[in-house]
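Undergrad: The structure is given below, and queries will be raised subsequently.
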Amino acid sequence: MAERLATQYVKAKLQLSSEEMSQFVRFFEDQQIHYGVKVLENGSQEVVLEDLAGREEIRLVFERQHDNYVCELSCRLVHPGLTNAMRKAIAAFRGDAIVNRIYSNYTMIYHYDKGQVRRIVESNQNGTRVVFEHKDTLGQLERQFRSQLVEHEIKMVQGAINELLDIRNQTADPCQIREIDERLRQLTHQLFVLEA
């Protein structure tokens, strides 16, 4: 298996409530990462994370925005301790990110949305290919179900139109013909809306 050379957070964003901010800091204790928190004048916070060996550190500035703390970052990590801790933090705190995991001959590009990997793309000198893409199966089934309901309703309206046309062809009473024509006008409009 290829050895990862580096992990690059091209673009990452975390948005935490005050309670989540406290959990975020405690989270790194469990990951055996040294940390320091500095409160800035406007209520924002700077979190410094350092691996146990002291070989690597990153600074995360969480800007205070109303009742939340928002951190947008980009960084490059090499050592596994801090790299794994950040990966787990993005997942645990529902972050959005584009992360490049860099190997000697290729790069794996991970797209996170609310802490979940939605897409993985492999990029190398020959181009790119999608390795994984999240499919919204439940949403697709729901849309298909709704689509079938519309198709069923279209068939019912078409049946009603055919029935009225048959009655109209057999009716000589002008008053009844006007009523049928009005109903046909309503049904054709409904059919137009359903097919749109």
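The values are calculated or read from the model by the stated rules, or taken from the named source; none is laboratory data. Computed from a predicted structure; not experimentally measured. Glycine gets a Cβ as well: all are built from the backbone with ideal geometry, and neighbour counts include every protein chain shown. For the accessible areas, the whole protein counts, side chains as well, though only heavy atoms, and no ligand, DNA or RNA atoms are used. Shrake-Rupley method; radii C 1.70, N 1.55, O 1.52, S 1.80 Å.
Undergrad: Kindly establish whether residue 123 is of a type in the set (Ser, Thr, Tyr), within 30 Å of residue 93 (Cα to Cα) and either open to solvent by less than 80 Å² (accessible area, probe 1.4 Å) or touching a strand residue (DSSP E or B) at 6+ places or on another chain (Cβ under 8 Å) (or both).
TA: Details: of a type in the set (Ser, Thr, Tyr): yes; within 30 Å of residue 93 (Cα to Cα): yes; either open to solvent by less than 80 Å² (accessible area, probe 1.4 Å) or touching a strand residue (DSSP E or B) at 6+ places or on another chain (Cβ under 8 Å) (or both): yes.
So residue 123 fits the description; yes.
Undergrad: Considering each of 37, 10, 61, 70 in turn, give the residue that is open to solvent by 30 Å² or more (accessible area, probe 1.4 Å), at pLDDT 95 or above and farther than 30 Å from residue 125 by Cβ. Explain how you work it out, then say what you get.
TA: On the way: 37 fails: at pLDDT 95 or above; 10 fails: farther than 30 Å from residue 125 by Cβ; 70 fails: open to solvent by 30 Å² or more (accessible area, probe 1.4 Å).
Going through 37, 10, 61, 70 in turn, the sole match is 61.
Undergrad: Within region 112-120, is even one residue within 16 Å of residue 73 (Cα to Cα) and out of contact with any helix residue (DSSP H, G or I) (no Cβ under 7 Å at 6 or more places or on another chain)?
TA: For region 112-120, residues within 16 Å of residue 73 (Cα to Cα) and out of contact with any helix residue (DSSP H, G or I) (no Cβ under 7 Å at 6 or more places or on another chain): present.
Undergrad: Any idea which residue in region 139-157 is nearest to the chain's Cα centre (by Cα), counting only those that are modelled with pLDDT of 80 or more and open to solvent by 60 Å² or more (accessible area, probe 1.4 Å)? Reasoning before the result, please.
TA: Start the filter on region 139-157 by keeping residues that are modelled with pLDDT of 80 or more, which leaves 142, 151-157.
Imposing the further condition that a residue be open to solvent by 60 Å² or more (accessible area, probe 1.4 Å) reduces the set to 142, 151-153, 155-156.
Numbers: 142: 18, 151: 30, 152: 32, 153: 33, 155: 36, 156: 37 Å.
By that ranking, first place goes to 142.
Undergrad: Out of all the residues in region 60-113, which are under 22 Å from the mean Cα position of the chain (by Cα), among the β-branched types (Val, Ile, Thr) and closer than 18 Å to residue 37 by Cβ?
TA: 70, the sole residue that qualifies.
Undergrad: Additional query: Looking at region 87-101, I want the residues that are acidic (Asp, Glu) and have a partner that is open to solvent by less than 50 Å² (accessible area, probe 1.4 Å) with Cβ atoms under 9 Å, at least 6 apart or on another chain. Which pairs are those?
TA: Short answer, once both residue conditions are applied: 96/12; 96/14; 96/90; 96/112; 96/115.
Undergrad: Tell me which residues, restricted to region 112-125, are assigned to a strand (DSSP E or B) and closer than 12 Å to residue 13 by Cα.
TA: So the first thing to find is which residues in region 112-125 are assigned to a strand (DSSP E or B), and the list is 112-113, 116-124.
Matches in region 112-125: 112, 113.
Undergrad: If you check residue 162 against the conditions, is it within 30 Å of residue 13 (Cα to Cα), modelled with pLDDT of 85 or more and not β-branched (Val, Ile, Thr)? Quick ask: steps written out before the conclusion?
TA: Numbers: within 30 Å of residue 13 (Cα to Cα): no; modelled with pLDDT of 85 or more: yes; not β-branched (Val, Ile, Thr): yes.
It is false that residue 162 is within 30 Å of residue 13 (Cα to Cα), modelled with pLDDT of 85 or more and not β-branched (Val, Ile, Thr).
Undergrad: So, one more: Can you find a residue in region 126-136 that is buried (at least 16 other Cβ atoms within 10 Å of the Cβ) and not in a loop (DSSP other than H, G, I, E, B)? Lay out the reasoning, then the answer.
TA: As a first pass, look at region 126-136 and keep what is buried (at least 16 other Cβ atoms within 10 Å of the Cβ): none.
No, region 126-136 contains no residue that is buried (at least 16 other Cβ atoms within 10 Å of the Cβ) and not in a loop (DSSP other than H, G, I, E, B).
Undergrad: Kindly list the number of the only condition in (1) at pLDDT below 95; (2) open to solvent by 50 Å² or more (accessible area, probe 1.4 Å); (3) acidic (Asp, Glu) that fails for residue 51.
TA: Of the numbered conditions (1) at pLDDT below 95; (2) open to solvent by 50 Å² or more (accessible area, probe 1.4 Å); (3) acidic (Asp, Glu), the odd one out for residue 51 is (2).
Undergrad: Give the residues of region 74-96 that are open to solvent by less than 20 Å² (accessible area, probe 1.4 Å), over 20 Å from residue 54 (Cα atoms) and touching a helix residue (DSSP H, G or I) at 6+ places or on another chain (Cβ under 9 Å), sorted by residue number. If you could, list the steps in order and put the result at the bottom.
TA: Step one: list which residues in region 74-96 are open to solvent by less than 20 Å² (accessible area, probe 1.4 Å), which gives 77, 82-83, 85-86, 89-90, 93, 95.
Those still in the list that are over 20 Å from residue 54 (Cα atoms) too: 90, 93, 95.
Answer for region 74-96, where residues must be open to solvent by less than 20 Å² (accessible area, probe 1.4 Å), over 20 Å from residue 54 (Cα atoms) and touching a helix residue (DSSP H, G or I) at 6+ places or on another chain (Cβ under 9 Å): 93, 95.
Undergrad: Just checking, how many residues over region 99-110 are open to solvent by 60 Å² or more (accessible area, probe 1.4 Å) and in a strand (DSSP E or B)?
TA: Of all residues in region 99-110, those open to solvent by 60 Å² or more (accessible area, probe 1.4 Å) come to 104-106.
Add one more test, that the residue is in a strand (DSSP E or B), and what stays is 106.
So the count comes out to 1.
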